[in-house]
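Data block below; observations after.
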Amino acid sequence: MSNVILVTGGTGLVGRAIEHVINTEPEGSRFGKRPGETWVFASSAEGDLRDADQTRKLYEKYKPTHVIHLAALGVHASFRRPVQKHELTFLRDNILINDNVLHVAYEHKAQKVISCLSTCVFPDKVEYPLDENKIHNGPPHESNFGYAHAKRMVDVQNHAYKEEFGCNFTSAIPTNVFGPHDNFDLEDSHVIPGLIHKCYLAKKNNTPFVVSGTGKPLRQFIFSYDLAKLFIWMLREYDDVEPVILSVGEEEEVSIKEVADAIVKAVGFQGDYSFDTTRADGQFRKPASNKKLLGLMGGFQFTPFNEALDYTVKWFLNNYDTART
Ligand code: NDP
């Protein structure tokens, strides 16, 4: 049987990781390429998914039987930006992208669509740990207003398409992702790629490496290659509309200080290294439960954090000229 798997946002951090895993895991294995599979990793240059006609053309070109929908705008937007500035854009653009991807998948009778949400979609005021039942239980943090609401609507649409047309649409909720091909921009980036770049520059310029905040907050980070395997598992083995949190366990939270220490070691930085405690810390913890995932998969071997971080730093150092900086 031949299957065509279209990965939207195929040129981003997560898309590149899925491509890597599919091409490097043994063929026919749980996460490797299977006979009869064609994988397509689409960038925005292949079609702007905000536009319905361009989305239809993309589907007509590849005729996907399955879709992993990663494309989104605002993924790496800085929380330091003025909150109002991009919210309408992120809301509208992401609503348009998601609506086009899902509706055209329905028109093309795609057998399955897995869309990517994020733990930022959860309510700001919520009882921790986060789990799959709490997505709609209150407004998201104001800094994520547009992005989070657009993503929440994907879950709503998945249920509606299933109820009305029997579509096999579902969603995945990753925690903080890091790995090769991340966005290493110094302003608009997540904590790990931002600190890697900062530490690299401190070493190169012989300047101090200063980390914002106390370093005490705890976070769950997932290595993009592990996340890629979990998407491939969902594609092949999970057939339910309800979302699944894709994350390391709560017991594998690491502090920002542990992150910074690991970066200092991986970069080989020996200069002045300190924490700027005058800068505000984010929330202390936002733990998410991966019980549903592990219960369904029957266990998964996550890459140890330090090993994954070391790999990512090496990738950044070797690809500095072409990395997103
Ligand atoms: P990236 O920002 O690295 O990549 C975004 C991808 O989307 C790129 O391939 C980009 O194409 C594509 N894209 C953006 N706009 C459009 C458009 N209008 N039409 C078509 N394609 C478009 O994102 P990540 O890989 O980090 O994230 C993937 C998914 O995972 C997202 O849905 C995100 O919300 C989710 N997620 C990410 C987390 C993280 O920590 N990174 C955490 C939790 C969830 P091009 O390269 O051409 O611009």
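The values are calculated or read from the model by the stated rules, or taken from the named source; none is laboratory data. Quick caveat, the model's predicted, so the values are computed rather than measured. Please note: Cβ atoms are built from the backbone with ideal geometry, for glycine as well, and neighbour counts cover all protein chains shown.
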Problem set entry | Boolean, Ser255 is of a type in the set (S, T, N, Q) and either modelled with pLDDT under 95 or closer than 30 Å to Gln111 by Cβ (or both) | no
For this session: Quick one: count up the residues across the stretch 258-288 that are small (Gly, Ala, Ser) and modelled with pLDDT under 95.
Result: 4
For this session: Just need a number here: residues in the stretch 187-216 that are part of a helix (DSSP H, G or I) and surrounded by 18 or more Cβ atoms within 10 Å (Cβ to Cβ).
Result: 11
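Of these, Phe31, Phe122, which one is modelled with pLDDT of 95 or more, away from the ligand (no atom under 16 Å from the Cβ) and of a type in the set (A, V, I, L, M, F, W, C)?
Exactly one of Phe31, Phe122 is modelled with pLDDT of 95 or more, away from the ligand (no atom under 16 Å from the Cβ) and of a type in the set (A, V, I, L, M, F, W, C), namely Phe31.
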For this session: For the stretch 313-325, indicate whether the set of residues that are touching a helix residue (DSSP H, G or I) at 6+ places or on another chain (Cβ under 8 Å), within 30 Å of Glu132 (Cα to Cα) and surrounded by 13 or more Cβ atoms within 10 Å (Cβ to Cβ) is non-empty.
Result: no
Exercise. Going through the stretch 256-290 one residue at a time, which ones are part of a loop (DSSP other than H, G, I, E, B) and acidic (Asp, Glu)?
Worked result: Asp272, Asp281
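Condition (residue is assigned to a strand (DSSP E or B) and more than 16 Å from the ligand (Cβ to nearest atom)) applied to the stretch 152-161: is it met by at least one residue? Let's see the steps before the verdict.
Filtering the stretch 152-161 for residues assigned to a strand (DSSP E or B) gives none.
Scanning the stretch 152-161 turns up no residue that is assigned to a strand (DSSP E or B) and more than 16 Å from the ligand (Cβ to nearest atom).
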Exercise. (1) in a loop (DSSP other than H, G, I, E, B); (2) more than 10 Å from the ligand (Cβ to nearest atom): which one isn't true of Leu49, the others all being true?
Worked result: (2)
For this session: Among what's in the stretch 104-118 and is away from the ligand (no atom under 15 Å from the Cβ) and in a helix (DSSP H, G or I), pick the residue that is surrounded by the fewest Cβ atoms within 10 Å (Cβ to Cβ).
Result: Glu107
Problem set entry | Sole residue being more than 14 Å from the ligand (Cβ to nearest atom), under 21 Å from Ala228 (Cα atoms) and crowded, with 17+ Cβ neighbours inside 10 Å, chosen from Ile18, Ile5 | Ile5
Exercise. If Phe284 passes every condition in (1) under 21 Å from Cys120 (Cα atoms); (2) within 16 Å of the ligand (Cβ to nearest atom) but one, which one does it miss?
Worked result: (2)
Problem set entry | Pair list, Cβ under 6 Å, 6 or more apart: the stretch 9-23 residue more than 13 Å from Pro174 (Cβ to Cβ) and assigned to a loop (DSSP other than H, G, I, E, B), other residue within 6 Å of the ligand (Cβ to nearest atom) and modelled with pLDDT of 95 or more | Thr11/Ser43
Exercise. Is it true that some residue in the stretch 165-186 is under 22 Å from the mean Cα position of the chain (by Cα) and in a helix (DSSP H, G or I)?
Worked result: no
Exercise. Are any residues in the stretch 141-184 free of Cβ contacts under 8 Å to residues at least 60 places away in the same chain and at positive phi, and if so, which ones?
Worked result: Gly166
Exercise. Do we have any residue at all in the stretch 227-249 that's surrounded by fewer than 21 Cβ atoms within 10 Å (Cβ to Cβ), out of contact with any Ser or Thr (no Cβ under 9 Å at 6 or more places or on another chain), at pLDDT 95 or above and assigned to a strand (DSSP E or B)?
Worked result: no
Exercise. Given the structure, is Phe302 buried (at least 16 other Cβ atoms within 10 Å of the Cβ) and either at pLDDT below 95 or part of a loop (DSSP other than H, G, I, E, B) (or both)?
Worked result: yes
For this session: Would you be able to say whether some residue in the stretch 84-99 is free of Cβ contacts under 8 Å to residues at least 40 places away in the same chain, within 22 Å of Glu187 (Cβ to Cβ) and more than 21 Å from the chain's Cα centre (by Cα)?
Result: yes
